[in-house]
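The values are calculated or read from the model by the stated rules, or taken from the named source; none is laboratory data. Please read all numbers here as calculations on a predicted model, not as lab measurements. Counting neighbours? That spans all protein chains shown, and the Cβs are built from the backbone with ideal geometry, glycine included. These accessible areas exclude ligands, DNA and RNA; they are computed on the full protein's heavy atoms, side chains included. Shrake-Rupley method; radii C 1.70, N 1.55, O 1.52, S 1.80 Å.
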Amino acid sequence: MKNLAFILFTIIFLGIVSCSGEENRSIEKNKNSLLVKTYGNVNSEENGKIIFTGDDIRSFNETTGEIIFNKNVSFSGLTGDLTFYLDENNLFNVQYILPIASYLINDLVLHAPGIDGKYYLNYGYPEVVEIEIPNEIITVRDTIDGKVVITQIEKPGTGGTITNITPENIAAREENKQKRAAEWAMFIKWLDDAGKLIR
């Protein structure tokens with residue numbers, strides 16, 4: 001009977017130690033992890049729901065902002081924003097934008113796939129587009145040796161570029177980007193360390 005009690009005690013003790021070790025390995029495995037959860041969702045039951053993790057990211061292009069996922073990440077029914085966490089510390093909040101959005105945002109956004117089927121993590125929506133304006137063309141009519149000659153000449157200094165966003169909005173985007181520079185640098189470092197960053 002003593003032997004049976006000793007064997008049961010040993011099994012229980014080893015089971016507890018084993019579970020404790022698994023918990024520690026689990027913590028170590030999740031150390032330095034990236035999570036993206038819902039935030040400010042209209043449906044309060046959806047707040048805090050994990051949308052994707054760092055393991056779901058295949059790559060992030062720092063230049064274009066394109067984020068490619070390893071699997072189909074579901075944003076279905078998402079009506080709020082997203083919060084990026086690193087080691088359970090809040091890095092930053094992101095507004096999730098559908099391709100049919102018709103409003104201006106001067107902060108960090110995650111663009112839902114449009115026609116190209118790609119996701120983009122960028123500062124601001126819509127994207128700033130420079131529009132080239134050609135120089136004004138002047139038509140000159142002259143009569144030379146009794147013949148009418150029509151010449152088109154570019155008027156210098158009348159062309160240039162404009163953007164689809166006002167300078168004030170561009171400045172607001174830059175200001176928001178600077179406010180978040182340290183957190184963004186931590187995100188980029190995590191992606192780089194994980195081998196997911198494309199420069």
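Structure above, values below:
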read-out	value
Close pairs (7 angstrom Cβ cut-off, 6 or more residues apart or separate chains): under 30 Å from residue 161 (Cα atoms) in the stretch 134-149, open to solvent by 90 Å² or more (accessible area, probe 1.4 Å) and outside any strand (DSSP E or B) anywhere	135/156
Selected residue (criterion: surrounded by the fewest Cβ atoms within 10 Å (Cβ to Cβ)) from residues of the stretch 74-91 that are modelled with pLDDT under 90 and within 14 Å of the chain's Cα centre (by Cα)	75
Among the candidates 50, 67, 115, residue that is modelled with pLDDT under 90 and within 21 Å of residue 191 (Cα to Cα)	50
Scope the stretch 118-131; condition at pLDDT 80 or above and more than 19 Å from residue 62 (Cβ to Cβ); matching residues	126
Per-region count, the stretch 62-73, residues surrounded by fewer than 15 Cβ atoms within 10 Å (Cβ to Cβ) and part of a strand (DSSP E or B)	2
Residue satisfying condition, being assigned to a strand (DSSP E or B) and of a type in the set (A, V, I, L, M), within set 115, 138, 165, 170	138
